[in-house]
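The structure appears below as C-alpha cells.
The values are calculated or read from the model by the stated rules, or taken from the named source; none is laboratory data. Just so you know, these numbers come straight off a predicted model, no measurement behind them. Heads up, the Cβs are rebuilt from the backbone with ideal geometry, glycines too, and the neighbour counts pull from every protein chain shown. All accessible areas refer to the heavy atoms of the entire protein, side chains included, with ligands and DNA or RNA removed. Shrake-Rupley method; radii C 1.70, N 1.55, O 1.52, S 1.80 Å.
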Amino acid sequence: MGDIATLQDAHPVRRPPAGAHEKRDPDNAELFGDDPTPSSAEDGLEEKPPDDVPPDGGYGWSYGVFLSHYLSNEIFPNMSPLAYAFTGGLSMSCALLISPLVTYLIHLFGHRIILNVGICVQTISFIAASFATQQWHLFLSQGVCFGLGMGFIFIGSVGITPQWFLKKRSVANSIAAAGSGIGGLAYSLGAGAMIPRLGLGWAFRVLGITTFCINLVACNLLRDRNKAIGSRYRAFHLPLLKRPEFLLLQLWGGFSLLGYVVLLFSLPNFALSIGLSAHQGSIVGALLNLGQGLGRPVVGLISDRFGRINMATFFTFVCGLLCFAVWIPSFNMGVLSFFAIIVGTVAGTFWATAAPVCAEVIGMQELPAGLSITWVLLVPPTTVSEPIAVLLKDDSKNNWVYLYAQIFAGLVYVAAGISLWLVRGWKIGDREIAAQKREATLALGNTRTVKGGPVEKVPDGIAINSPHHLVAAVSTEIDTRIWSPFCLLRRMLARSHV
C-alpha cells in the first residue's frame with residue numbers, strides 16, 4: 001500500500017466551500033468544528049468534533065465516527081492515517097477470521113454460551129478503548145478485541161434465522177440483516193453526538209454499557225434447531241472447496257464486500273468534495289443507512305417470490321450500475337440523496353442473502369461449515385477495503401476526487417454479479433440432474449432384464465445392460481455437461497425460479 005506522508009494526502013479533513021459556514025445553524029456550529037483544537041490523548045474530554053463526515057455504515061463502519069475524530073484531533077501522535085484505516089479493517093477481519101473456532105465451539109457448547117462470551121468480550125473492548133493512550137492500545141482494544149467479540153456474536157447468530165424458515169427464509173434473514181442498517185444508524189449518530197458532549201472516553205463507556213444490555217437480552221432469547229435439522233458444525237469442510245459453484249459463491253462475496261466497503265467509506269465525504277456542507281454530508285450517510293434498514297426486508301421478500309439466487313444476482317448488478325449511472329454524475333444534494341437511499345437498499349445484498357443463497361448451493365446441513373469457510377475467505381477483502389478507499393481518492397481532480405473509487409466500486413459489483421450469475425446457471429443444471437435421476441429411478445422400477453438378455457434403451461438414448469447401471473449412467477451423462485460453456489450459458493439465460 002505504501003506510506004502516506006500527511007493526513008491530508010490519505011484522509012483529508014475537508015472543509016465546505018466558501019459560503020457554507022453562513023448556511024449553518026448557529027446553534028449547532030460547534031458540531032462542525034470550525035476551529036478544531038487538538039487536545040491531549042489522555043482525557044479526550046474537551047475535543048471539538050471534526051469537519052470530516054463519518055461514513056455511518058453499520059456494525060464495522062460505525063468505526064468511521066471514531067476514525068474521523070482521531071484524524072482531525074491527532075488523538076494518537078505519530079500514528080499514520082493508513083494505520084487508522086487498518087484498525088477498522090482489523091476489527092472486521094478478526095470477526096471473520098475466528099469463524100472456524102466459533103463454529104467448532106458452538107458444536108461443543110451450543111449457541112447461548114458462545115453468544116454470551118462474545119457480549120462480554122465486546123463490552124471489554126469498549127471499556128478498554130476508553131482508556132487507550134497509545135497506538136497499540138487502540139489496535140488491541142478497538143481492533144482485535146472488538147473484532148473477536150463481534151465475531152462471536154455475528155458467527156454465533158447468523159445461521160440461526162434460516163433454520164426457522166423455508167418459503168420465507170430470505171425475507172426473515174433480510175429483516176434480521178436490516179438491524180445492521182437501523183442499528184448502525186443509531187450507533188453512529190449516537191457516537192457522533194456523545195463524543196463532543198461527553199468526551200471520547202465516556203462515549204466508549206456508554207456504548208459499551210448500552211450494547212451489553214441490549215445484546216444480553218437479545219442473544220439469550222435466541223433458540224436454534226440444530227438437532228431438528230441435523231446441522232453439522234464443522235470448522236472446515238474442505239471438500240466444499242472442490243466444488244466450482246461454492247468457489248464462485250466466494251467470489252461473489254469477496255467482490256461484493258470490496259464494493260460495499262468502498263461505497264460506505266466514500267459517500268459522506270464525497271458530498272464535501274462536490275461542494276456540499278458537512279451537515280449535508282452527514283445526512284447523505286444517514287440516508288444510506290436508512291436505505292439499508294428499510295430496503296433489506298423488501299429484498300428478502302422479493303427474493304422469496306422470484307428466487308433467491310435470481311434476485312441476489314439482479315440486485316448485485318443493479319448496485320454496480322447505480323454506481324456508474326447515478327453516483328458518478330451526482331453533483332447536487334437532490335441526486336446524491338436519491339442515490340444514497342436507492343443504493344442503500346441493494347448495496348448490502350450479500351449480507352441480506354448470504355445465508356439463504358449459501359443454503360441453496362450446499363444445503364442446510366452443510367450451511368454452518370460453508371459459512372465458516374466463507375467468513376474466513378472474506379478476511380482479505382475486508383482487511384484491504386478500507387485502505388483501498390483511502391488510497392483511491394485523488395484530491396487533484398477537484399469535483400472528481402472520488403472518480404477512481406466510484407469506478408472501482410461499480411466494477412467489483414459487476415464482477416460479483418457475474419460470479420453469482422454463473423452459480424445460477426449451475427443451479428438450474430443441478431435441478432435438471434435431480435429431475436433426470438428421479439426419472440431414472442422410476443424407469444429402474446419398470447425395467448426388467450434377464451441375465452444375458454438384450455440391451456434395453458431408456459430416455460436420452462442411454463444404453464444399459466442391467467438396471468443397476470441406469471442411475472449412474474444418467475448422472476455421468478449430465479454431470480459431464482453441467483459446466484460446459486454452451487450448456488452453462490443456456491441455463492444462465494433461461495427463465496427459472498432459483
So the carbon and sulfur contribution to the accessible area of the stretch 63-430, 1.4 Å probe, in percent, is 72
With 0.36 nm assigned to each residue of separation and the Cα-Cα distance removed, Arg225 to Cys213 gains 1.8 nm
Probe 1.4 Å, heavy atoms of protein chains only: per residue, the accessible area of the stretch 104-169 in Å² is 45
From highest to lowest solvent-accessible area (probe 1.4 Å; ligands, DNA and RNA excluded), Cys358, Cys213 read Cys213, Cys358
Sorted on mean Cβ neighbours within 10 Å (highest first), peptides 268-277, 195-204 come out as 268-277, 195-204
For Arg481, the accessible surface traced by a 1.4 Å probe with all protein chains present amounts, in square angstrom to the nearest 10, to 90
By accessible area (1.4 Å), largest first, Ile214, Ile433, Ile388, Ile182 order as Ile214, Ile182, Ile388, Ile433
Simple spin-label estimate for Ala193/Val298, 7 Å along Cα→Cβ, in nm, reads 2.6
Contour minus Cα-Cα span, Ala435 to Glu74, at 0.36 nm per residue, comes to 123.6 nm
Sorted by accessible surface (1.4 Å probe, heavy atoms of the protein chains only), largest first, His107, His237 come out as His107, His237
Reported to the nearest 10 Å², Glu74 has, with a 1.4 Å probe, an accessible area equal to 110
Taking alpha-carbon centroids only, the stretch 104-166 lies from the stretch 255-303 a number of Å equal to 25
Total charge of the residues flanking Leu166 in space, meaning their Cβ is under 15 Å from its Cβ, with Lys and Arg +1 and Asp and Glu -1, is +4
For the Tyr104, Ile328 Cβ pair and Förster radius 45 Å, calculated FRET efficiency rounded to 0.05 is 0.50
For Thr133 and Trp202, extending 7 Å from Cα along the Cα-Cβ vector and measuring point to point gives, in nm, a value of 2.0
